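Below is one structure, written out as structure tokens; the observations come after it.
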Amino acid sequence: LKMSWFWLYLPLHLLMATYLCHSIKAPTTSSRQSFKTGLFNFYHSLILADGKETTIHLLKDIPKRYYFVLEESRVLAPFSITVTPCDVPIEWSILVYKSPPGKATSGDHDTQEVSKSQKPSSMVSTIFNYKGNSVETYMGMSSHSALYLLEFLSTERDTHITVYLTTDTTSGHLYPELPMDPRIDVIGIGHTTVTLTWKHSPSVLQHRESIQYCLLVNEKHNYKSLCAAETAIRSSGMKLPPTLALSLSPYLLEPQQVMILSNSELSIINKVSSGEVRQVCMGTKNTYTVPNLSPSTQYYFDVFIVNLLTNASAAYTGTFARTLEEPEPKVTELKDGKVIHVVLDGKKQKFYSLQYQARYKKIHFTFQLCQGQIQVHITRNGKTVASENLSGLRYFSLKGKLLDTYLVQLRSTEESNSSVKVQASPHFHKPLFPLLPESLKIKSFSKLRTCRSVTIAWLGTQEESKYCVYRKRIEEDQIWRELQSADRCSGPESRHKSEKVLCKYFYDLNLQRAVTTETIKGLEAGTLYLFDVYLFGPSGIPVRYHSKVVKTRKKC
């Protein structure tokens, strides 16, 4: 069954007149009204393309109409119409204007006389109507000439839909096929993971290279189509690539999106106001474990089978699952004077808890930040006594009662891992770290730079201490990595022996004069060097000054 292109190019009033004149057997009031209504509808209609997906934008409470024409055929031939709402529920219907099989002539007096008991023939009939936001397909059969009118209406708000008409059902499908059972099964639930499986689409077996599965994870609800999911995310203030199939290009990502590519799986994470929305395309695998979820949280899962050549998609029946509750965090006991090194996972953003029971009224907490950024929260008998973000070395001197219980909670404020050293001790306990100067910055003197030497300076204290200087040759592209990834808790034992320059002791009772300088010689011209200074106190635990990068002169 093919479209009759001859009819499409006729003027609308001739088109209507040709079809409707065959149906008028009596000039009744109802037939005249039906003729006027049909003519009005067709004057305000557009032609619906055959074999192509059409995007239609609807304004609230304003109906939109499309029509197509089928010509006469000797056998019943099928056609199908698929409508996909991309947001709110819509109303749509199909009306048909048919030409009767027999032709009436205007001179035939018998055809103009109709018995009063006989009802006038109807010129138009509604063959389908629907209201909702599900993807619906109408399958029809036709053997005679007919005009079909599709009417769409949105009563909630402006929206858009896609419509696909085909009269050729033998050359394959635009949309990938769903299996007989399109449900998604949850086969495993953990604290931070959910494992899903689904039956293979017949399209995967036939067109493996051009078909792939894409999974959408969110905390709001399931979506009945891919365009409905994209519309919802956009409405949250997010711009998305046209389809998940096209999300394979990194340049399409927005600032709020994070793309992760591992094991041939593409994940795109969108940060939206309603939570995190994850898109994962995993090729033709039909089992997937969703990682890095939050404990005790309900998630909704939708699987779409996507045709990479046409960008058309079909949706499996979505499901949902709630991750298991997070177990009670383990609490580590702090003992007097003992140093604990804590490594925090930035991805999980969980608190690490330390508990200390005071055997003295005055308590001293010491924190040395090794890597990343960390937030510390200290409570005494359930009441907050200190809370701040750590930077470098930090002391907290607290006064309470005997047997007070202190709870120290640590959390990484970065997505990367962070680490810190912690000590709790009585106030009179031997200090863990040396007395620190006002600043741990290393200064270099530009005017004293030569092709073969660099002069640096740093502050000391009123307490005689040992200072060791180390140097390391680096390249331009290593500067950021060296400065950001440096472990500020590591001592000289982690350095190569060849990087050591010297060690020296000094102090000054007058803090204004507690400054020392050192000229490092034997360097190469036009070369970048990373300089570090380590301060050692009575306990032998070093404190590392902030690294300094200096470049020797190229020409002298």
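List the chymotrypsin sites (Phe, Trp or Tyr not before Pro) in the range 352-415 that DSSP assigns to loop (not H, G, I, E or B) and whose Cβ has at most 10 other Cβ atoms within 10 Å. Which are they? The qualifying sites: there are none. Using θ = phi - 60° in the Karplus curve 6.51 cos²θ - 1.76 cosθ + 1.60, the 3J(HN,Hα) couplings for the range 490-498 round to 6, x, x, 4, 8, 9, 6, 4, 5 Hz; x is entered for Gly and Pro. Computed from backbone phi, the HN-Hα couplings of the range 218-233 come to 8, 9, 9, 6, 7, 10, 8, 7, 5, 5, 5, 5, 5, 5, 5, 5 Hz, rounded to whole numbers (Karplus: 6.51 cos²θ - 1.76 cosθ + 1.60, θ = phi - 60°; Gly and Pro given as x). For the range 442-551, with all protein chains in place and a probe radius of 1.4 Å, 48% of the accessible heavy-atom surface sits on carbon or sulfur. Remark: the range 378-528 projects, on average over all directions, an area of 12.5 nm² (convex hull of Cα atoms). Report, as a whole number in µm² per second, the diffusion coefficient that Stokes-Einstein gives for the range 442-551 at 20 °C and 1.002 mPa s using the Kirkwood radius over alpha carbon pairs. D, rounded to a whole number, is 146 µm²/s.
The phi torsions of the range 520-535, fed into the Karplus equation with coefficients 6.51, -1.76 and 1.60 and a -60° offset, translate into couplings of 9, 9, x, 8, 9, 5, x, 10, 8, 10, 9, 10, 10, 10, 10, 9 Hz, rounded to whole numbers, with Gly and Pro shown as x.
Can you give the Kirkwood hydrodynamic radius for the range 331-425, in Å, rounded to one decimal and based on Cα pairs? That comes to 13.2 Å for the range 331-425.
Given R0 = 56 Å, the distance between the Cβ atoms of K199 and S387 translates into a calculated FRET efficiency of 0.60.
Protein heavy-atom accessible surface, 1.4 Å probe, per residue over the range 331-425: 52 Å². Among the GluC sites (Glu not before Pro) found in the range 288-390, those both in a DSSP coil and sparsely packed, with 15 or fewer other Cβ atoms within 10 Å of their Cβ, are E325.
The residues of the range 442-551 expose, per residue, 55 Å² of accessible area to a 1.4 Å probe.
The tail of the calculated P(r) for the range 121-171 beyond 15 Å holds 62 percent of all Cα-Cα pairs.
The values are calculated or read from the model by the stated rules, or taken from the named source; none is laboratory data. Everything numeric here is computed off the predicted structure, so don't read it as measured data. When we count neighbours, we look across all protein chains shown, and the Cβ atoms used for this are built from the backbone with ideal geometry, even at glycine. All accessible areas refer to the heavy atoms of the entire protein, side chains included, with ligands and DNA or RNA removed. Shrake-Rupley method; radii C 1.70, N 1.55, O 1.52, S 1.80 Å.
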